[in-house]
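The values are calculated or read from the model by the stated rules, or taken from the named source; none is laboratory data. A quick note: this is a predicted structure, and the numbers were derived from the prediction, not measured. Ideal geometry is used to build each Cβ from the backbone, glycine not excepted, and the neighbour counts take in all protein chains shown.
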Amino acid sequence: MSISREEIKRKFKDEYLSKIEGPFFKQKRINHIFHYSNKFEVILKILNNGFAPSYCEENFLGQEFYIPMVSFCNIPLRDVDLFMRYGKHGIGMSLEWALKNSITPVVYVHDNTPFERQTYYQNEIETPMISYFKNWKTTYKKKEIITYQEREWRYIPNISDSKHKRIISRSDVEFQSLKDKSYGEKPHLPQFALTIDDISDLRYIMIKKEHQRNKVLNVLNKRFGEREVIKAILSGKLLIISDDLIHNDF
């Protein structure tokens with residue numbers, strides 16, 4: 001089961017980067033968010049069980065935190081390969097699904113952002129709000145990157161129980177274990193996972209090797225039924241696409 005490159009390009013042009021006509025400007029609209037992973041098995045797990053948040057390290061005003069989240073990028077399909085440092089596999093979800101599930105764009109800040117230090121030190125913004133702040137640039141694997149270009153959106157779980165923390169800071173006992181990676185795999189919170197309940201919310205599944213396609217199809221068929229999967233693919237609403245195709249053809 002496949003779709004031609006010409007159909008992919010037409011879908012890319014007409015549907016996901018459609019131009020909004022207006023009297024004063026034309027605006028490109030990106031109707032999906034992308035989540036990356038280095039492991040293909042993680043993609044299959046997400047398709048089966050949903051996006052489970054994990055504690056991710058963030059640095060804000062020189063302070064380190066660990067925040068439970070799932071990160072997405074709201075970027076054009078043609079730019080997806082520019083961010084494959086986060087993984088060669090990925091899942092693209094509809095923007096409607098993101099909004100419905102309270103997934104929210106981050107607020108990018110820098111050292112001279114007017115409200116930043118004041119709100120942090122005077123506690124004028126409640127701690128959970130910090131979960132949506134991000135430095136506009138950072139260092140990743142010893143290289144400076146402009147994170148602002150990623151157009152990051154985050155799913156932050158609404159944690160209300162006493163077993164889990166919304167933010168882990170240096171004063172918390174769990175901090176050093178996370179820092180030293182003594183947990184092994186970073187701990188996930190499957191009880192707060194965002195599930196994919198409707199195949200219409202799936203836009204793209206990015207694979208690295210062609211033999212992975214059948215494994216993806218098997219999972220989709222079990223989750224949504226073969227008839228619905230065929231309908232989604234033939235209509236062009238769902239693309240199972242290789243990273244090589246994205247890199248060379250867009």
- Message: I need the full set of residues from region 32-60 which are over 22 Å from residue 190 (Cβ atoms) and exposed (fewer than 14 other Cβ atoms within 10 Å of the Cβ), in order please.
- Response: 59
- Kindly provide the set of residues from region 209-245 that are among the basic types (Lys, Arg) and under 20 Å from residue 49 (Cβ atoms), ordered by number. 215, 222, 223
- Query: Which of the residues that make up region 205-215 are at pLDDT 95 or above and surrounded by fewer than 20 Cβ atoms within 10 Å (Cβ to Cβ)?
  - Reply: 212, 213, 214, 215
- Residues that are surrounded by 14 or more Cβ atoms within 10 Å (Cβ to Cβ) and assigned to a helix (DSSP H, G or I), drawn from region 231-242: 231, 232, 233
- Task: Determine which member of the set 180, 172 is exposed (fewer than 14 other Cβ atoms within 10 Å of the Cβ), over 22 Å from residue 37 (Cβ atoms) and of a type in the set (D, E, K, R).
- Result: 180
- Here is a list of conditions, (1) surrounded by 21 or more Cβ atoms within 10 Å (Cβ to Cβ); (2) at pLDDT below 95, and residue 72 meets all of them except one; can you say which number that is? (2)
- Across region 142-157, what is the total count of residues that are among the basic types (Lys, Arg) and more than 23 Å from residue 53 (Cβ to Cβ)? 2
- Item | The one condition in (1) over 21 Å from the mean Cα position of the chain (by Cα); (2) among the acidic types (Asp, Glu); (3) part of a loop (DSSP other than H, G, I, E, B) that residue 197 fails to fulfil | (1)
- So, of the residues in region 144-164 that are surrounded by 15 or more Cβ atoms within 10 Å (Cβ to Cβ) and part of a loop (DSSP other than H, G, I, E, B), which turns out to be modelled with the lowest pLDDT? 164
- Note on region 95-143: residues in contact with a helix residue (DSSP H, G or I) (Cβ under 8 Å, 6 or more places away or on another chain), of a type in the set (Phe, Trp, Tyr) and at pLDDT below 85 are 120, 140
- Query: Taking residue 160, is it among the hydroxyl-bearing types (Ser, Thr, Tyr) and in contact (Cβ under 8 Å) with a residue 24 or more places away in the chain?
  - Reply: no
